[in-house]
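Okay, here's the structure, questions in a sec.
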Amino acid sequence: MMNEEHLKDLITYLKFPSISTDSSYSNDVKDCAEWLTNKMIDKGLESQIYETPGHPIVVGKNKHREGLPTVMIYGHYDVQPADPLDLWESPPFEPRIDEGKIYARGSTDNKGQNLAHLLGLGEIINEEGELPVNVILLVEGEEEIGSPNLGPFLEKYRDELSCDVIAVSDTGMIGPGIGTFTYGLRGIACMEVTLHGPSTDLHSGVFGGSIANPSTAIARIISSLHDSDGKIQVPGFYDDVREIQEWERDAWASLPVNEAETLELTGSSELFGEKGFTDAERRWARPTAELNGIGGGYQGEGSKTVIPSKSFAKLSFRLVPDQDPEKILKLVQEHLESHLTPGTRIECEFGHSGKAYLMDPQSDYGKAAQNALRETFGCEPALIREGGSIPIVQTFKDVLGADTLLLGLALPDCQIHAPNENFLIKNFYDGIRLNRLLIKEISN
Ligand SMILES: [Zn+2]
């Protein structure tokens, strides 16, 4: 039976334009945090707002009892900007319900999902008087801008936030009705390369043929990163890569995701990548070297016969366990330096990075998550890794020493960060049930 009050709460929550990146919405962010803390109290938790140098963090707790496991549930109440507004079929902060979906900015990412957790806790407290576990519900307001104040907050309140396991619903499901447990994420390392040549742009007629062209030279070093099959050629790059387990290969091969779907989603004519691996294996468990941008020389209309004085490339590397981002960036730098054309000089600037994350889905908490998903959705949960990175998950591991159960409810067509973001109302109610079952499983 669906509780109408829950849907009303969701609609109210979605009306706050809590856009974290735009300071003109700071008061809306604040109002949203206040609504949330009151809702936590209303549902039977103790709650407090913690100010940060940026947007506040809202924390809810039940009365903790000795001897019970402590579960942290993490989410975020901030949202992405709604632009471009003219592509929305209804205003982004006036929730609209149509054919079983609720349309609003933040509906899937992440208000619908974190509210489902809170309401699940509220139902248990309402029926049983208290929760069978210790809970810390942490909902921040800066996820969409990279959580700049969450790490310091975790460090500062390390003791108060100490927990045995963390649950996060901010990832995807592989399809409607298929409970999905994401037990691994790729890491990332970024680098910007500038290749310097002559001290000024040169006439390619006067000097061409006798002076190295930095654009040609950068194309050369970038192409040295892969062989013609897409395998990375940087010495030592694969040394620490953990092999894909046999059970993972089997599990992924049996998922209802296929290569035709990838082609359709991407509009590509065929797949390309490292030999000996499937599409899912390449995206979830193999590292990459990606050229995200390249430039230099004349970009305007017509031709201009110039040898540019410099060129640049922006690179990023998706990493897998047990690769170390710093080590990888150094190996890449050495490799690039060894492929320089005479007369050019390279400058490498390291950008942000984060390690890959992997937990054992057959651990006790992993099994609890699987049981909760199985019971919620009535089928065997899909066990997957994701190709993207959620750096905060590794921060949780580093600061609090706890694994994170990623139990997302986003569907491939929910349009997060895009116009007409939507959340299946069934998933909202399933999320409430999932929370209840997870809490029960963890208490066992
Ligand atoms: Zn987001």
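Is it the case that some residue within segment 388-403 is within 16 Å of the ligand (Cβ to nearest atom), in contact with a Leu (Cβ under 8 Å, 6 or more places away or on another chain) and modelled with pLDDT of 95 or more? Write out each step before concluding.
We begin by selecting, within segment 388-403, every residue within 16 Å of the ligand (Cβ to nearest atom); these are 388-393.
If we keep only those that are in contact with a Leu (Cβ under 8 Å, 6 or more places away or on another chain) too, we end up with 388-390, 392-393.
Checking the rest, the ones that are also modelled with pLDDT of 95 or more come to none.
No: zero hits.
Ok, one more. Across segment 10-35, what is the total count of residues that are among the charged types (D, E, K, R) and in a helix (DSSP H, G or I)?
So the first thing to find is which residues in segment 10-35 are among the charged types (D, E, K, R), and the list is 15, 22, 28, 30-31, 34.
Filter once more, keeping what is in a helix (DSSP H, G or I): 28, 30-31, 34.
Residues that pass the stated criteria total 4.
Could you figure out which of (1) within 16 Å of the ligand (Cβ to nearest atom); (2) surrounded by 17 or more Cβ atoms within 10 Å (Cβ to Cβ); (3) among the small types (Gly, Ala, Ser) isn't true of GLY197?
With (1) within 16 Å of the ligand (Cβ to nearest atom); (2) surrounded by 17 or more Cβ atoms within 10 Å (Cβ to Cβ); (3) among the small types (Gly, Ala, Ser) applied to GLY197, the lone miss is (1).
Okay, moving on. Determine whether GLY431 is among the small types (Gly, Ala, Ser) and assigned to a loop (DSSP other than H, G, I, E, B). Walk me through it before giving the result.
Values: among the small types (Gly, Ala, Ser): yes; assigned to a loop (DSSP other than H, G, I, E, B): no.
It is false that GLY431 is among the small types (Gly, Ala, Ser) and assigned to a loop (DSSP other than H, G, I, E, B).
Okay, moving on. In this structure, does GLY44 turn out to be assigned to a loop (DSSP other than H, G, I, E, B), in the same structural domain as ASN422 (by TED's automatic domain parsing) and over 23 Å from the mean Cα position of the chain (by Cα)?
Against the criterion (assigned to a loop (DSSP other than H, G, I, E, B), in the same structural domain as ASN422 (by TED's automatic domain parsing) and over 23 Å from the mean Cα position of the chain (by Cα)), GLY44 qualifies.
Go through ILE102, ILE57, ILE49, ILE73 for me and flag whichever is assigned by TED's automatic domain parsing to the domain that holds ILE416 and farther than 25 Å from LEU406 by Cβ. Spell out how you get there, then give the answer.
Numbers: ILE102 fails: farther than 25 Å from LEU406 by Cβ; ILE57 fails: farther than 25 Å from LEU406 by Cβ; ILE73 fails: farther than 25 Å from LEU406 by Cβ.
Only one candidate qualifies: ILE49.
Enumerate the pairs (first residue in segment 407-421 and over 21 Å from LEU373 (Cβ atoms); second residue anywhere and within 11 Å of the ligand (Cβ to nearest atom) and of a type in the set (S, T, N, Q)) with beta-carbon separation below 9 Å, excluding pairs fewer than 6 apart on the same chain, so at least 6 apart or on different chains.
Short answer, once both residue conditions are applied: GLN415/THR108; HIS417/GLN80; ALA418/GLN80; GLU421/GLN80; GLU421/THR108.
Report, by residue number, each residue of segment 97-145 that is among the acidic types (Asp, Glu), in a helix (DSSP H, G or I) and within 16 Å of the ligand (Cβ to nearest atom).
Within segment 97-145, the subset among the acidic types (Asp, Glu) is 98-99, 109, 123, 127-128, 130, 140, 142-144.
Of the ones still in play, those that are also in a helix (DSSP H, G or I) are 109, 123, 127-128, 143-144.
Once the filter is applied, which keeps residues that are among the acidic types (Asp, Glu), in a helix (DSSP H, G or I) and within 16 Å of the ligand (Cβ to nearest atom), segment 97-145 yields ASP109, GLU143, GLU144.
Just checking, how many residues over segment 278-305 are in the same structural domain as HIS196 (by TED's automatic domain parsing) and farther than 30 Å from PHE350 by Cβ?
Total satisfying the criteria: 6.
From the list LEU424, LEU405, LEU373, which one is touching a Ser or Thr at 6+ places or on another chain (Cβ under 8 Å) and of a type in the set (A, V, I, L, M, F, W, C)? Don't jump to the end; show me each part of the working.
Numbers: LEU424 fails: touching a Ser or Thr at 6+ places or on another chain (Cβ under 8 Å); LEU405 fails: touching a Ser or Thr at 6+ places or on another chain (Cβ under 8 Å).
Criteria check complete, one pass: LEU373.
If you don't mind, there's one more thing I want to ask. If the Cβ limit is 9 Å and pairs must be 6+ apart or interchain, which residue in segment 224-243 that is on the phi < 0 side of the Ramachandran plot pairs with which residue that is buried (at least 16 other Cβ atoms within 10 Å of the Cβ) and of a type in the set (Ser, Thr, Tyr)?
As it stands, the answer is ILE232/THR288, since those pairs meet every condition given.
So, one more: Would you point out which residue out of ILE307, ILE294 is surrounded by 13 or more Cβ atoms within 10 Å (Cβ to Cβ) and under 15 Å from HIS226 (Cβ atoms)?
Numbers: ILE307 fails: under 15 Å from HIS226 (Cβ atoms).
The unique qualifying residue is ILE294.
Looking only at segment 265-296, count how many residues are touching a Lys or Arg at 6+ places or on another chain (Cβ under 8 Å) and closer than 17 Å to ILE221 by Cα.
Result for segment 265-296: 7.
The values are calculated or read from the model by the stated rules, or taken from the named source; none is laboratory data. Please read these numbers as outputs of a predicted model, since none were measured by experiment. Cβ atoms come from the backbone with ideal geometry, glycine included; neighbour counts cover every protein chain shown.
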